[in-house]
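What follows is calculated from the coordinates using simple rules that are stated; it is not laboratory data. Being a predicted model, the structure only gives us computed values, none of them experimental. Because the Cβ atoms are built from the backbone with ideal geometry, glycine has one as well, and the counts that use them run over all protein chains shown.
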Amino acid sequence: MCRECGCADRVPFGVKVLSVIAPKLLRSAAKPEAEPRTVEIHTSLLAKNEDAADRNRKDFRERGMLVLNLISSPGSGKTTLLSRTVAELGEKCAVVVGDLETDNDARRIHRPGVPVAQITTGTACHLDAEMVARGMESMDLDGVRVMFIENVGNLVCPAEFDLGEEIRVVLLSVTEGEDKPLKYPPIFKSADVVVLTKMDAAEALGFDRDEAVRNIRAIAPQAELIELSSRSGDGLEAWYELLRRRLPAGES
Amino acid sequence: MQDSTMHEVGIMESAMSLVEQHAAAGAGRRVGRVVVRIGALAGVDNQALRFAFDVVSKGTLAEGADFEIEDVPVTAYCLGCEREFEGAGGDFVFACPDCGDFSGEVRRGREMELSRIELI
């Protein structure tokens, strides 16, 4: 094909076609699939965890156990609330505790008749469904009606990791400020229940309860809201009532 | 809003294991492009995810590939008006444009998926 003199115009049609096709044919014969190829995948990046969470969910149902995933910042009162709950609820409880290091929290909750498993996640900033399943292997869950999973103190990463729980509880203590729900929307959006803790200290800290509630209602209108103090005991009855109400039907 | 990049690295590791599976099925061809879809509510920081891609793809068939993030905006649903609406704005307060009620029902915007790869 000569562009200089226009001779291509005089080349018979078949030859012209061949001259265009032949190099392509040669290329593809030499290197099969040389053209870029798009592979559609559309798989959740959390598919592995989602499968494990589904297995957990099925397992929890078969055991007739209500399972809650408790998520909060470090130090917002998960362990204190659980220590009282397992003692006062009047239903057999179990607790799975996730922490980066140490088993201090598990020891604080431990009491006779309450199976507790500690999962030390090392560097992982959240629990995943498989860790929970492994943690449960060491526990005698016979007769347990309520199992609490105390997640690693973190308001970011646990949001995306379904553990198979029935109820996701996000705790917020009055020491953390009223605007926390606005700062961590994904976790509050995913909450079934929001618990405001340490309410006995609210006044001393100048905590604006109404503003906090407004923020929670705006970000997480789907969530049930409970205000309590694990120290004074105020509001605990509403928490216990919620747990009893959500117990799977069956023997009690 | 991110406290650490650890989270994104873990997510990228599962993405890369999927990428490598599919690249291996493509007779070990190199990966020129990786496309992910990330919802606004997925709790993933795009910049951290890009960084994680560079780190995790090193030494794999996807090293040096273009990494593309498709952002998925939030779609919420108003139970009262029975309508979907886009959750605009960065404050994540989703108020129905018709009745003004806050919606906690998120229909889309939590996505975190590997959409496709391009083999070269």
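Run through region A:102-190 and list the chymotrypsin sites (Phe, Trp or Tyr not before Pro) located in a DSSP loop whose Cβ has at most 15 other Cβ atoms within 10 Å. Can you show the working numbers first?
Details: sites: A:PHE148, A:PHE161, A:PHE188; in loops: A:PHE161.
Here no chymotrypsin sites (Phe, Trp or Tyr not before Pro) fit, given the DSSP loop and packing criteria.
Charged neighbours of B:PHE67, selected by a Cβ distance under 9 Å, balance to -1 (K, R count +1; D, E count -1). Remark on region B:19-88: Rg and Dmax equal 16.9, 53 Å (Cα only). Exposure proxy ranking for A:VAL195, B:VAL74, B:VAL34, A:VAL213, based on other Cβ atoms within 10 angstrom of each Cβ and starting from the fewest, stands as A:VAL213, B:VAL74, B:VAL34, A:VAL195. Placing +1 on the Cβ of every Lys and Arg and -1 on the Cβ of every Asp and Glu, with nothing else charged, gives the protein assembly as shown a dipole about its Cα centre of roughly 1280 debye. Computed across chain B, the Kirkwood radius stands at 15.8 Å (inverse of mean 1/r, all Cα pairs). Taking other C-beta atoms within 10 angstrom as a stand-in for reagent exposure, A:MET139, B:MET16, A:MET65 fall in the order A:MET139, A:MET65, B:MET16, fewest first.
Lys and Arg at +1, Asp and Glu at -1: add these up for the other residues within a Cβ distance under 12 Å of A:ASP99 and post the number.
Values: positive: A:LYS78, A:ARG107, A:ARG108; negative: A:GLU101, A:ASP103, A:ASP105, A:GLU150.
Charge balance near A:ASP99 sits at -1.
Partner aspartates and glutamates whose Cα lies under 15 Å from the Cα of A:LYS180, excluding those fewer than 8 positions away in the same chain, are identified as A:ASP208, A:ASP210, A:GLU211, B:ASP3, B:ASP91.
Given N residues in region A:47-246, what is its alpha carbon radius of gyration divided by 2.2 N^0.38 Å? List each step's numbers first, then the result.
Details: Rg = 15.8 Å, N = 200, 2.2 N^0.38 = 16.5 Å.
It is 0.96.
The radius of gyration of the Cα set in the protein assembly as shown, together with its Dmax, comes out at 26.8, 100 angstrom. For region A:62-168, a Kirkwood radius taken over Cα pairs fed into Stokes-Einstein (25 °C, viscosity 0.890 mPa s) yields D = 180 µm²/s.
Where only DSSP H runs of four or more residues are counted, the protein assembly as shown gives -10500 deg cm²/dmol as its mean residue ellipticity at 222 nm, each run worth -39500 (n - 2.57).
Compare the peptides A:39-48, B:103-112 by average per-residue count of other Cβ atoms within 10 angstrom and give them in order, highest first. Working shown, then result.
On the way: A:39-48: 16.5, B:103-112: 19.4.
Top to bottom by mean Cβ count within 10 Å: B:103-112, A:39-48.
Take each residue in A:216-226, count the other chain C-beta atoms within 10 Å of its C-beta, and the mean is 3.
Where does each of B:CYS99, A:CYS125, A:CYS93, A:CYS157 land when they are ranked from fewest to most other beta-carbon atoms within 10 angstrom?
Numbers: B:CYS99 12, A:CYS125 20, A:CYS93 24, A:CYS157 27.
Placing the least packed residue first, the sequence is B:CYS99, A:CYS125, A:CYS93, A:CYS157.
Separation between the B:ASP101 and B:ALA25 pseudo-spin-labels, each 7 Å from Cα along Cα→Cβ, expressed in nm? Taking the simple label geometry, B:ASP101 and B:ALA25 are separated by 4.3 nm. Within 10 Å of the Cβ of each residue in B:28-34, the mean number of Cβ atoms contributed by other protein chains is 2.
Give the average, rounded to an integer, of partner chain Cβ atoms located within 10 angstrom of each Cβ in A:185-191. The per-residue average across the peptide is 6.
Just for region A:47-246, what percent of DSSP beta bridges are antiparallel, to the closest 5? If you can, show how the numbers build up before the last one.
On the way: 1 of 29 bridges.
Percentage antiparallel, nearest 5: 5.
Rg ratio for region A:166-211: its Cα radius of gyration over 2.2 N^0.38 Å, N being its residue count, equals 1.17.
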